[in-house]
1. Quickly run through the stretch A:31-52 and pick out the residues that are of a type outside the set (D, E, K, R) and without any contact (Cβ under 8 Å) to a residue 40 or more places away in the chain.
2. Looking at the stretch B:64-106, which of the residues that are more than 9 Å from chain A (Cβ to nearest Cβ), assigned to a loop (DSSP other than H, G, I, E, B) and within 17 Å of A:Arg50 (Cα to Cα) is farthest from the chain's Cα centre (by Cα)?
3. Return the only residue of A:Gln44, A:Gln56 being more than 9 Å from every other protein chain (Cβ to nearest Cβ) and part of a loop (DSSP other than H, G, I, E, B).
4. Can you tell me which residues in the stretch B:51-60 are within 14 Å of chain A (Cβ to nearest Cβ), assigned to a loop (DSSP other than H, G, I, E, B) and not small (Gly, Ala, Ser)?
5. A:Glu61 is checked against (1) surrounded by 20 or more Cβ atoms within 10 Å (Cβ to Cβ); (2) within 25 Å of A:Pro114 (Cα to Cα); (3) within 14 Å of chain B (Cβ to nearest Cβ); (4) of a type outside the set (Ser, Thr, Tyr) and fails just one. What number does that condition carry?
6. Is at least one residue of the stretch B:62-74 free of Cβ contacts under 8 Å to residues at least 12 places away in the same chain, touching a strand residue (DSSP E or B) at 6+ places or on another chain (Cβ under 7 Å) and among the small types (Gly, Ala, Ser)?
7. Filter the stretch A:6-35 for residues that are under 14 Å from A:Thr106 (Cβ atoms), more than 10 Å from chain B (Cβ to nearest Cβ) and of a type outside the set (Gly, Ala, Ser) and give the result.
Amino acid sequence: AQTVTQSQPEMSVQEAETVTLSCTYDTSESNYYLFWYKQPPSRQMILVIRQEAYKQQNATENRFSVNFQKAAKSFSLKISDSQLGDTAMYFCASRSYNTDKLIFGTGTRLQVFP
Amino acid sequence: DGGITQSPKYLFRKEGQNVTLSCEQNLNHDAMYWYRQDPGQGLRLIYYSQIVNDFQKGDIAEGYSVSREKKESFPLTVTSAQKNPTAFYLCASSGPQLAGVNEQFFGPGTRLTVL
């Protein structure tokens, strides 16, 4: 069975600084996808970034990038130039290639302060 | 605008009553999902449907029921058999897996409180 672990319940960062959120996962599948979702106070889940496991290159979306370490089963999210609007819960999730089921971690609450 | 709507945003029910949460999408997605979110926990899958008139249990289906009579709609009924129904419920949908990953799009959620 797949599992996703986020060991940081809460983190904080000053505006314009960089912060890294950790995520580890466990799967016996060879083909899978990894995601980071953001849930702001409105509670609307928003996809931040995704990574296909067969791709060695780390995904990047503007200020968001990942450090994907397949052998270590690690998938951390780096937020550069943090903005107040980045304040949210961040969830790491995984999905096997041959299923629609997403497996979520317990989330990290990120607070960006001025 | 294409998207997923959930209604109502807040829902209150008395213990022992069944209640149905609405989820509608106009994204022409085949697959739809229901998740439950509790404080300190990630999202947990209740039910999902990959095609009309077909659905499968997720990890925590006990006390819930669904139907999928139309592609656009996937209502969730929280029955009186659900022991702890107070939670935030999220509906999602996804399109066909083409050349890349088919991401799930989420609705705004319904907060259910049992009094």
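Where a number appears in this text, it was derived from the coordinates with a stated rule and is not lab data. Bear in mind the structure is a predicted one, so any value in this text is a computation, not a measurement. When we count neighbours, we look across all protein chains shown, and the Cβ atoms used for this are built from the backbone with ideal geometry, even at glycine.
1. Those that are of a type outside the set (D, E, K, R) and without any contact (Cβ under 8 Å) to a residue 40 or more places away in the chain: A:Ser42, A:Gln44, A:Ile46, A:Leu47, A:Ile49, A:Gln51.
2. If we filter the stretch B:64-106 for residues that are more than 9 Å from chain A (Cβ to nearest Cβ), which is where we start, we get B:64-87, B:89, B:91, B:93, B:95-96, B:98-99.
Right, trim to assigned to a loop (DSSP other than H, G, I, E, B) and you get B:67-69, B:71-72, B:74-75, B:79-86, B:95-96, B:98-99.
Those still in the list that are within 17 Å of A:Arg50 (Cα to Cα) too: B:95-96, B:98-99.
Values: B:Gly95: 16, B:Pro96: 19, B:Leu98: 24, B:Ala99: 27 Å.
Taking the candidates together, the pick is B:Ala99.
3. Values: A:Gln44 fails: more than 9 Å from every other protein chain (Cβ to nearest Cβ).
Going through A:Gln44, A:Gln56 in turn, the sole match is A:Gln56.
4. Of the residues in the stretch B:51-60, the ones within 14 Å of chain A (Cβ to nearest Cβ) are B:51, B:54-60.
Narrowing further to those that are assigned to a loop (DSSP other than H, G, I, E, B): B:58-60.
Of everything in the stretch B:51-60, those that are within 14 Å of chain A (Cβ to nearest Cβ), assigned to a loop (DSSP other than H, G, I, E, B) and not small (Gly, Ala, Ser) turn out to be B:Asp59, B:Ile60.
5. Against the list (1) surrounded by 20 or more Cβ atoms within 10 Å (Cβ to Cβ); (2) within 25 Å of A:Pro114 (Cα to Cα); (3) within 14 Å of chain B (Cβ to nearest Cβ); (4) of a type outside the set (Ser, Thr, Tyr), A:Glu61 comes up short only on (1).
6. No, the stretch B:62-74 contains no residue that is free of Cβ contacts under 8 Å to residues at least 12 places away in the same chain, touching a strand residue (DSSP E or B) at 6+ places or on another chain (Cβ under 7 Å) and among the small types (Gly, Ala, Ser).
7. Of all residues in the stretch A:6-35, those under 14 Å from A:Thr106 (Cβ atoms) come to A:6-11, A:21-25.
Still in the list and also more than 10 Å from chain B (Cβ to nearest Cβ): A:7-8, A:10-11, A:21-25.
Correct list: A:Gln8, A:Glu10, A:Met11, A:Leu21, A:Cys23, A:Thr24, A:Tyr25.
To keep it simple, each residue is scored yes or no on (1) surrounded by 15 or more Cβ atoms within 10 Å (Cβ to Cβ); (2) over 26 Å from A:Ala88 (Cβ atoms); (3) in contact with a helix residue (DSSP H, G or I) (Cβ under 7 Å, 6 or more places away or on another chain); (4) within 14 Å of chain A (Cβ to nearest Cβ).
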position: B:Val19; (1), (2), (3), (4): yes, yes, no, no
position: B:Glu24; (1), (2), (3), (4): yes, no, no, no
position: B:Asn28; (1), (2), (3), (4): no, yes, no, no
position: B:Arg44; (1), (2), (3), (4): yes, no, no, yes
position: B:Ser49; (1), (2), (3), (4): yes, yes, no, yes
position: B:Glu62; (1), (2), (3), (4): no, yes, no, no
